[in-house]
Amino acid sequence: MERIWIKDTVEKVGQTVDLCGWVDNRRDHGKIIFIDLRDRSGICQVVFGPWSGEELYKKAQDLRNEWVVQINGLVKERPENLVNPNLITGKIEIEAKSLDILNESQTPPFDVTGDGSEINEEVRMKYRYLDLRRPRLQKNINLRHSVVKFIRNFLSEREFIEIETPILTKSTPEGARDYVVPSRLYPGNFYALPQSPQQYKQLLMVAGMERYFQIARCFRDEDTRGDRQPEFTQLDLEMSFVDREDVMLLNEELLINLVKTCAPNKKIQQIPFPRISYKEAIEKYGIDRPDLRENKNDPDLLAFCWVIDFPFFEKTDEGGWTFTHNPFSAPKSDDADKLMDKDNIESILTTQYDIVLNGFEIGGGSIRNHKPEALEKVFEIMGFEKERIHKNFGHMLEALSYGAPPHGGIAWGLDRLITLLSNEPNIREVMAFPKTGDAKDLMMDSPSELEKKQLEEIHIEIKKSNKK
């Protein structure tokens, strides 16, 4: 007989079914034994009694929590006074006919049926494969799947193409530190893991793909911060022949429909999303990602807003200039001459737009400099010598010289968006296998040392620090 999902048992009253899953709980009531059987779809009650026979009844007595079993039984309606309204299977129970113990389990280091927030996080991370069994995390991972599926369908229907970009790429000074990968074949040379697919998605526009998206893995070697991860996921997209309004309206439509479909319990405070200039946000709220919720005690209220008209450049600690968001952004059209003349730099505004939700920046993008001379001016303002510009970004400047179309895009922090939709305190609660706050994987025990032979193959020598 073919195994069915527990959630489907409600449609099988009077039929014999095969179920597989984990023992969520066992209750021995003398002559009758109840177990709650759990699979990914839900929980149902299984009953063993005198009708089961001595051998089957004895096997049921041996069951313990988290044992993996297969049960064949008859689906029966529960007596009305025993219905459990808290379960989707609360009106039925399974009268066991046979029991196969597929695998026993050690006593877990913690209870996997509860919320888990009271458990030490390091213990949860060490046994993440057990932690993921708890209903709260199963719900979060299911929501993540639904969100990604919705995004893929929405964009595909609008002529976007999903394209993967390389993970092994070139190290360029774009912001945070890169994770670097030594090359075995080219001693002394290194790949870098991408902080984002920024350059590749622009190159795809040069390639004539016109509408690209990707659920992209990104990597940043940042200092320890509670809500950051060494690797994270973005929705990354880029469009050709568009202006700022086109990109913002598409993303607003996507977010509105995503919430309605994947998180229907949520209420969006204002549609269309309000737009606030960077200057207004700083003057009125003291921050460029304001929380506009009218009632901050309502966990299901979503207050989206756009923040626009950012300064292109800001002063560095050394007195030079650096970009505020992205060196590949284009200035607003009224400020294009200032960029080319390197004049009144502090007053140049960029086409950057950030999407903010409940006080968190969940995404940001811009219209790009699609002409090489304009991009080169950005790096000149930042103090890069021409040789350095062409060493780090020569491939981009050359690509833009081959008829690059006007283009722009955005990247969402997918983990952060799902965290907010889940009402979770941090992004680790919506990722299957996150690192700890100090960037360790306690489950796999990484980062870890390499064997001497491995180091020799990649031409790396480790020098021990004298610091104690």
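Numbers at a glance
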{"read-out": "Of Lys31/Lys97; Lys332/Lys377; Lys139/Lys267; Lys201/Lys315; Lys371/Lys391; Lys315/Lys463, pairs whose Cα-Cα distance is over 26 Å", "value": "Lys201/Lys315; Lys315/Lys463"}
{"read-out": "Extension reserve of the Thr107-Trp51 stretch, reckoned as 0.36 nm per residue once the Cα distance is removed", "value": "17.2 nm"}
{"read-out": "Candidate aspartates and glutamates for bridging to Lys453, where Cα separation is under 19 Å - those fewer than 8 sequence places away on the same chain excluded", "value": "Glu461"}
{"read-out": "Over the chain: helical MRE at 222 nm, DSSP H runs n ≥ 4 each giving -39500 (n - 2.57), nearest 500", "value": "-7500 deg cm²/dmol"}
{"read-out": "Carbon + sulfur, % of accessible area of segment 99-227 - ligands and nucleic acids excluded, 1.4 Å", "value": "49"}
{"read-out": "Accessible surface of segment 270-312 [probe 1.4 Å, protein heavy atoms]: carbon and sulfur percent", "value": "45"}
{"read-out": "Heavy atoms of Ile410 accessible to a 1.4 Å probe, total area in Å² rounded to 10", "value": "0"}
{"read-out": "Length released on extending from Glu253 to Glu385, taking residue separation times 0.36 nm less the Cα-Cα span", "value": "43.3 nm"}
{"read-out": "Point-to-point label distance, Asp300-Tyr129, nm (Cα→Cβ direction, 7 Å offset)", "value": "3.7"}
{"read-out": "Rule-of-thumb Rg ratio for segment 214-271 [Cα; 2.2 N^0.38 Å; N residues]", "value": "1.49"}
{"read-out": "Two-decimal log10 I(q)/I(0) for segment 179-257, as the Debye equation yields it once each C-alpha is a single scatterer, q = 0.13, 0.19 Å⁻¹", "value": "-0.59, -0.97"}
{"read-out": "Simple spin-label estimate for Ser98 and Asp18 in nanometres, 7 Å along Cα-Cβ", "value": "0.8"}
{"read-out": "Accessible area in the full protein assembly, largest first, 1.4 Å probe, for Tyr129, Tyr200, Tyr285", "value": "Tyr129, Tyr285, Tyr200"}
{"read-out": "Solvent-accessible area per residue for the chain (1.4 angstrom probe, square angstrom)", "value": "53"}
{"read-out": "For the chain, Kirkwood radius (reciprocal of mean inverse C-alpha pair distance, Å)", "value": "26.1"}
{"read-out": "Two-site FRET efficiency, Leu168 against Glu80, from Cβ-Cβ distance with R₀ of 56 Å, rounded to 0.05", "value": "0.35"}
{"read-out": "Per-pair calculated FRET efficiency, R0 = 25 Å: Lys91 and Gln70 via Cβ, rounded to 0.05", "value": "0.60"}
{"read-out": "With all protein chains modelled, accessible area of Glu245 [1.4 Å, Å²]", "value": "80"}
{"read-out": "Computed over segment 304-432: relative contact order in percent, which uses C-alpha pairs under 8 Å that are six or more apart", "value": "23"}
{"read-out": "Contour excess over end-to-end distance, with Cα ends at Glu118 and Glu449 and 0.36 nm allotted per residue", "value": "115.9 nm"}
{"read-out": "Exposure of Met340 as accessible area (Å², to 10), given a probe of 1.4 Å and all protein chains", "value": "70"}
{"read-out": "Residue-by-residue Karplus 3J(HN,Hα) for segment 424-432, coefficients 6.51, -1.76, 1.60, Hz, glycine and proline x", "value": "9, x, 7, 5, 4, 6, 10, 10, 5"}
{"read-out": "Efficiency of FRET from Cβ geometry, Glu11 and Phe190, R₀ 51 Å, rounded to 0.05", "value": "0.35"}
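The values are calculated or read from the model by the stated rules, or taken from the named source; none is laboratory data. Computed from a prediction, not measured in an experiment: that's the story for all the values here. As a convention, Cβ positions derive from the backbone with ideal geometry for all residues, glycine included, and neighbour counts pool all protein chains shown. We work out accessible area using only protein heavy atoms, side chains counted, and drop any ligands, DNA or RNA first. Shrake-Rupley method; radii C 1.70, N 1.55, O 1.52, S 1.80 Å.
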